[in-house]
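This report concerns only the one structure given below.
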Amino acid sequence: MTRVSAAATLPLLVCLTAIFLSGATPANTPEFFENRIRPILANNCFPCHTNSALGGLRLDSLDAMLKGGATGPALVPGDPTKSSLITAILQTTDLKMPKGGKLKPLEIEDLTDWVKNGALWPASAAPVVTSKGADYVITPQQRAFWSFQPLKAVTPPPVKNNKWANTEID
């Protein structure tokens, strides 16, 4: 049996620890999309590019991104340099998004990696439907939820010991 010294295994241990701590999830996985990409889109893009579709662009589904808006497709899977989404977040041209500031470097890197790796949009990731959209439907089950019921007058139950109660709601 061969013994390996601790000094020989240290570099491997450091590498594995760094990978584990960085949470390195491949950019072409549903987990990467749900944990890294969807939050960026939801926090920075959806306010303007869902139902209101500013510039004719929706960013709440892969089909909508591929269709694009007034300036063409927002996304070219596999090619970040041809994707106007990446051009906009890099803010290197007249098209500067998101409105109100620049994304964090890690967010830019994540979006670029996501596009470079094919822009996987999991089938389970349904398009966003907001309450402003015509597609939004309140189901009977949702309408029946207790907090949405109208207020009504209720007679308080009888009190066993009248000496204890100071008012009818005690």
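The values are calculated or read from the model by the stated rules, or taken from the named source; none is laboratory data. Quantities reported herein were computed from a predicted structural model and do not represent experimental measurements. A quick note on method: Cβ atoms are made from the backbone with ideal geometry, for glycine too, and the neighbour counts reach across all protein chains shown. Keep in mind that these areas ignore ligands, DNA and RNA; they rest on the heavy atoms of the full protein, side chains included. Shrake-Rupley method; radii C 1.70, N 1.55, O 1.52, S 1.80 Å.
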- List the number of the failed condition for residue 96; all other conditions in (1) of a type in the set (Lys, Arg); (2) surrounded by 14 or more Cβ atoms within 10 Å (Cβ to Cβ); (3) modelled with pLDDT of 90 or more; (4) over 14 Å from residue 121 (Cα atoms) hold. (3)
- Query: Name the pairs: first residue in segment 47-73 and more than 19 Å from residue 37 (Cα to Cα) and open to solvent by less than 30 Å² (accessible area, probe 1.4 Å), second residue part of a loop (DSSP other than H, G, I, E, B) and of a type outside the set (S, T, N, Q), Cβ to Cβ under 6 Å, at least 6 apart or on different chains?
  - Reply: 69/57
